[in-house]
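**Q** Below are the structure tokens for one structure; questions will follow.
The values are calculated or read from the model by the stated rules, or taken from the named source; none is laboratory data. If you're wondering where the values come from, they're calculated on a predicted model, not measured in any experiment. Glycine also receives a Cβ, built like all others from the backbone with ideal geometry; neighbour counts cover every protein chain displayed. Areas reflect the complete protein model, heavy atoms only, side chains present, ligands, DNA and RNA absent. Shrake-Rupley method; radii C 1.70, N 1.55, O 1.52, S 1.80 Å.
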Amino acid sequence: MAESVTPPPAAAPPTRRAASLSTLLSTRLLWSELGLIGGRRRNQMGLLVLAAVPVLMAVAVRISSPRAGRGPDFLSSITSNGLFVPLAALGVEMGLFLPLAIAMLAGDSVAGEANLGTLRYLLTVPVGRTRLLAVKYASLVVGALWGVAVVTVAGALAGIALFGTGPMTTLSGTQIGFGEALWRVVLVALYVAAGLAALGAVGLFISTLTEQPLAATVALMIFTILSWIADSVPQISWLHPWLLVDQWGAFGDLLRDPPFWDNIARGLWVDLAYAVVFWLFAWARFSGKDVTS
């Protein structure tokens, strides 16, 4: 009697293997991109500058009390609770330093690769231009979180060390405990990071238009500055709700008791709209771009 032969296990369907390989390549590409961002010396120095601002603010307030009516809204409250230091620092840095950090990352995302001559080799990785652009944007989102986290953590540590902790007085006049106050600071940081991530999508689109990373960085900073200027002109108030920066300062509503969510939700919707629209613009440009370098 012939012995029965057990057939070998069926191979995974090609489409499933291809999807798994594509996901693996995308994950490796994302980690590689994050490694490049974190390993660049100028980015490391940029993070140090971002961290230095809240520390300097805390030391300055410690050695000399701020004058009434001067500085950010949270500056005069720093002495009462160290957690106001990261809030004041975010209010200061979101006007220039944090957008500049995102502009530098966005300028390098596509234009920097083209300028160095490595973009053509990246496109040989079998993940497609759409997936490559998605990885590039994901790295910008992580970069926004990194920058905001550095400011928040450095400010919180410096503030707690110099001024201690205790009940935080909200903008509504009530007091909340340390745990609740810390959670509010985390929400503020995430809200600011969402705005910067949306700005990164604008920068990604600009980066697909040129092969000069410095030009892309400068263009995004011009876009940010013009947005701030337009948002301060009352004669064009009809345009303000459509500006990316219009609700960036609304994070103070998270320090109310209870939090006031209307402006926060409006700001997040605008952030999402900018992120989606400008990523699609970047995709439309990049998908048909003739990459020669």
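**Q** Based on Cβ point charges of +1 for Lys and Arg and -1 for Asp and Glu, what charge dipole magnitude is obtained for the range 158-293 about its Cα centre, in debye rounded to the nearest 20?
**A** 120 debye
**Q** Quantify how much of the Cα-Cα distance distribution of the range 200-283 extends past 23 Å, in percent.
**A** Roughly 31 percent, rounded to a whole number.
**Q** Go ahead and run the numbers for FRET between A284 and S172, Cβ-Cβ distance against an R0 of 45 Å, rounding to 0.05.
**A** That pair, A284 with S172, gives E of 0.50.
**Q** Evaluate the distance, in nm, between pseudo-label points positioned 7 Å from the Cα of L226 and of L182 along their respective Cα→Cβ axes.
**A** Once both label points are built, they end up 4.4 nm from each other.
**Q** Across the Cα atoms of the range 140-226, what radius of gyration and what greatest pairwise Cα-Cα distance (Dmax) are found, in Å?
**A** My reading of the Cα-based Rg and Dmax gives 17.4, 53 Å.
**Q** How much length is gained on full extension from S64 to S237, taking 0.36 nm per residue of separation minus their Cα-Cα distance?
**A** Roughly 58.4 nm would be gained on extension.
**Q** Per-residue counts of other Cβ atoms within 10 Å, averaged by peptide: what ranking do you get for 244-254, 218-228, highest first?
**A** Averaged packing, sorted descending, gives the order 244-254, 218-228.
**Q** Subtract the Cα-Cα distance of R40 and W269 from 0.36 nm times their separation in residues, and report this length gain in nm to one decimal.
**A** Taking R40 through W269 to full extension adds about 79.2 nm, to one decimal.
**Q** For the charge dipole of the range 233-293, defined by +1 on Lys and Arg C-beta atoms and -1 on Asp and Glu C-beta atoms about the Cα centroid, which residue among W279, F251, L268 has the Cα displaced farthest towards the positive pole?
**A** W279
**Q** When only the heavy atoms of the protein chains count and the probe is 1.4 Å, how do E180, E113 rank by accessible area, highest first?
**A** Output order, biggest surface exposure first: E180, E113.
**Q** Let me ask another. Could you look at the range 97-237 and say what percent of its accessible area is carbon and sulfur, using a 1.4 Å probe and all protein chains?
**A** Looking at the range 97-237 in its full context, I get 72 percent from C and S.
**Q** Give me the one-decimal nm value for the distance between modelled label points at D257 and V277, 7 Å along each residue's Cα-to-Cβ direction.
**A** Here the modelled spin labels are 3.9 nm apart.
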